[in-house]
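**Student:** First, the structure itself, so that you have it in front of you.
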Amino acid sequence: MRSLRELYIRSAVQTVGAVAVILGGIGWITGWRYGHGLVTLGLAVYLCSAITRRMGKSWHTVSAFHDSKQATKSYREGRLEDSAEHIASQVGHVRQLAFLDPGQTSYTGHALIAQWTVLTQLGRHDDALVVAEEAVAVCRVVDAGRPQLDRALELVECSLSEFPDSPVGHEADELLALRTELAGEANRNQARSLAIVAERHLERSEYAAARPLLEEVVRIHRHLASGDKLLTALTELGHCLTQLNEHELARASYAEALRGAVDPDDVVGFQLNLASSLRELQRYDQSALLDEAVVATLRADHQSDDPHEKSLERLTWALGLLGDDLQDMHRLDEALVAYEDALAVHRAADHPGGVEAALPPVIRTLRALGRHEEARPLEDELSGLRRVSEQ
């Protein structure tokens, strides 16, 4: 109230001074003999008000610094009551300084935190709680940043812990949100560190050592619902389990990644990973279904106006996988269709190297079906392509 009253008084005095200058100037111009004196009086009143304000800033700055030194000295000597008295005086000066110059408000937060420390050590928890709540309010007003605001909130939390049966204010909800945020950040840092160590084990083919680390990374990201980071962790874990011949567990990891995928390219990659695990488990019917889905996606991309730069290679490779799975199920007629489809795609692209690579499975399947007459011209074509490539 005192600061507000001072503001009103100072504003009124400055307004009177300004009005006096204006009226005196008008009177002076019009020939009024007291005009010059009124201008002089108005300027004196205005300047005295401004000088008083500047002197007030200097006074409060020097006083706050002096009280801070005295409080620190008393604290070091174990005279906490004296330290609390000096800090209370310092906080009072800092408040006045912040009123005179809002840009100095940030210092209030630091002074309040120091005051809370002494009051808490003195066991004056009621007063400490009030100070901590003011520190939170100041940090919000000046936008001091998360570290200082978090520190102020922790002071409130510490003070509230001294009153377990008392109702808590809205700070409790913010404290809970803060704790959740800090815990989440700690978990993310832990997952990042574990992933780095796991990657080093993988580079050295130490899959057994990498496995528990990757499992923990997956658990953390699953708990945090980390999205893309969870999908990456599941994929890495799936690859590691595959190297350990744990194909059923790898299948589960790839399947979970597939369920969370949104990007079309990610979906294709996870489908191929899952199909690979199913193939290792000799569940060819399921892997073939995934192969067909991948082929449909890649064919649409290959035929689009803006295909992937590797659309030809990706599509023909997927067709080859589909043919292999169908062949493993002894569905040779269907396998032949997939192999011939891959061959046709290479022919349409005028890709001799691809044609050379696509011919052997077609020839092999035709021979297995007893269709030798159809296989012979393709064998001749393959021989010609190989001669050309060897030259």
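A short reminder: the numbers here are calculations on the coordinates, not readings from a lab. Quantities reported herein were computed from a predicted structural model and do not represent experimental measurements. Heads up, the Cβs are rebuilt from the backbone with ideal geometry, glycines too, and the neighbour counts pull from every protein chain shown.
**Student:** About its Cα centre, what dipole magnitude does the stretch 223-373 give when the only charges are +1 on Lys and Arg Cβ and -1 on Asp and Glu Cβ, stated in debye to the nearest 20?
**Tutor:** Dipole of the stretch 223-373, to the nearest 20 debye: 340 debye.
**Student:** Report the GluC sites (Glu not before Pro) located in the stretch 219-317 that are in a DSSP loop and have at most 14 other Cβ atoms inside 10 Å of their Cβ, or state none.
**Tutor:** Glu309
**Student:** On to the next question. Taking 30 Å as R0, compute the FRET efficiency from the Cβ-Cβ separation of Glu309 and Asn189 and round it to 0.05.
**Tutor:** 0.25
**Student:** Does the stretch 247-337 come out rounded, prolate or oblate by the C-alpha gyration tensor, with a ≥ b ≥ c the root eigenvalues, rounded set by a/c under 1.5 and, if not, prolate when a/b is larger than b/c and oblate if not?
**Tutor:** oblate
**Student:** Would you please classify the overall shape of the stretch 200-259 from the alpha carbon gyration tensor, given that a ≥ b ≥ c denote the square roots of the eigenvalues, rounded means a/c under 1.5, and beyond that prolate means a/b larger than b/c while oblate covers the rest?
**Tutor:** oblate
**Student:** Also, I was wondering about something else. State, to one decimal in nm, how far the label point of Leu385 lies from the label point of Glu162, with both points 7 Å from Cα in the Cβ direction.
**Tutor:** 8.5 nm
**Student:** Calculate, in whole percent, how much of the Cα-Cα pair population of the stretch 263-391 lies beyond 19 Å.
**Tutor:** 51 percent
**Student:** Label the stretch 322-370 by shape, choosing from rounded, prolate and oblate, from the square roots a ≥ b ≥ c of the eigenvalues of the Cα gyration tensor; if a/c is under 1.5 it is rounded, and otherwise prolate applies when a/b is larger than b/c, oblate when it is not.
**Tutor:** Prolate is the answer for the stretch 322-370, as a/c is 1.5 or above and a/b outweighs b/c.
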